[in-house]
Amino acid sequence: MTDPVEGPPEDLARSTPAGAVEIVTGLGKAYKGVLAAAAFIAVFILILLWGANRPTNPTFADASKSTGTTAAGPAFGDKKVGVGSSCLHVLVADTPEKRSQGLRNRSNIDGYDGMIFEFGQSMNHEKTRFTMSDVKVPLTIGFYNESGLRVDATDMTPCSGSDSSCPSYGSKDNFNVAIETLKGKLPDGPLTACS
């Protein structure tokens, strides 16, 4: 005699297809070690990349010293630059924003010898001009080519008007660097090393 069959045994019963959640959960359990190692490697690489973008020798501004900040403009760095046999301590205008601000709205140059305008490339002397709009003290500007030779220099007069209404000053030849000092204080000679 046979027993009545009600259906296939449980292990032969048709199962429903697994859903996305069950598949991910199953894979997660099966590859738990591999996923943990991949996560560890990703975090390690991110830490290395974060460290690679930091300066090798960071310096911090001393709050007790002037950083060349003006109330209406950007903070300027400073450095020493040789001109002829002199060593000048100057503010550095090395971005478009800093070059545009220059020495505007200052009644003095705060113990510096002037400002250096660094362009990083040869500038067309016919298109690159300087104005004394809102500059309060008379200045001398010198223009230097990529070899560091001075190609021109001129005195500039303060002007209370706008850039378009004030006289503009330029070089007679292309230049890479310009240095502004108080009128008559720009040393003769090329750019040199100084310590």
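The values are calculated or read from the model by the stated rules, or taken from the named source; none is laboratory data. For clarity, every value in this text was computed on a predicted model and none was experimentally measured. Positions of Cβ are generated from backbone atoms using ideal geometry, with glycine treated the same way; all protein chains shown enter the neighbour counts. Accessible surface is based on the protein model in full, side chains and every heavy atom, while ligands, DNA and RNA are left aside. Shrake-Rupley method; radii C 1.70, N 1.55, O 1.52, S 1.80 Å.
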Exercise for review: Taking Pro96 as the residue in question, decide whether it is touching a strand residue (DSSP E or B) at 6+ places or on another chain (Cβ under 8 Å) and open to solvent by 50 Å² or more (accessible area, probe 1.4 Å).
Suggested key: no
Check your understanding: Which residues, taken from region 131-157, are in contact with a Ser or Thr (Cβ under 9 Å, 6 or more places away or on another chain) and part of a loop (DSSP other than H, G, I, E, B)?
Key -> Met132, Asp134, Lys136, Val137, Pro138, Asn145, Glu146, Gly148
Practice item. Please work out which residue is most open to solvent (accessible area, probe 1.4 Å), limiting yourself to region 163-183 and to residues that are in contact with a strand residue (DSSP E or B) (Cβ under 6 Å, 6 or more places away or on another chain) and over 12 Å from Ile141 (Cβ atoms). Key: Lys172
Practice item. Working only within region 27-43, note down all residues that are part of a helix (DSSP H, G or I) and either at pLDDT below 70 or open to solvent by 70 Å² or more (accessible area, probe 1.4 Å) (or both). Key: Leu27, Gly28, Lys29, Ala30, Lys32, Val34, Leu35, Phe40, Ile41, Val43
Exercise for review: Count, please, the residues in region 101-157 that happen to be under 22 Å from the mean Cα position of the chain (by Cα), small (Gly, Ala, Ser) and open to solvent by 50 Å² or more (accessible area, probe 1.4 Å).
Suggested key: 2
Revision key, fill the gap. Note: among Leu149, Leu88, just one is in contact with a Gly (Cβ under 7 Å, 6 or more places away or on another chain) and at pLDDT 95 or above, namely Leu88
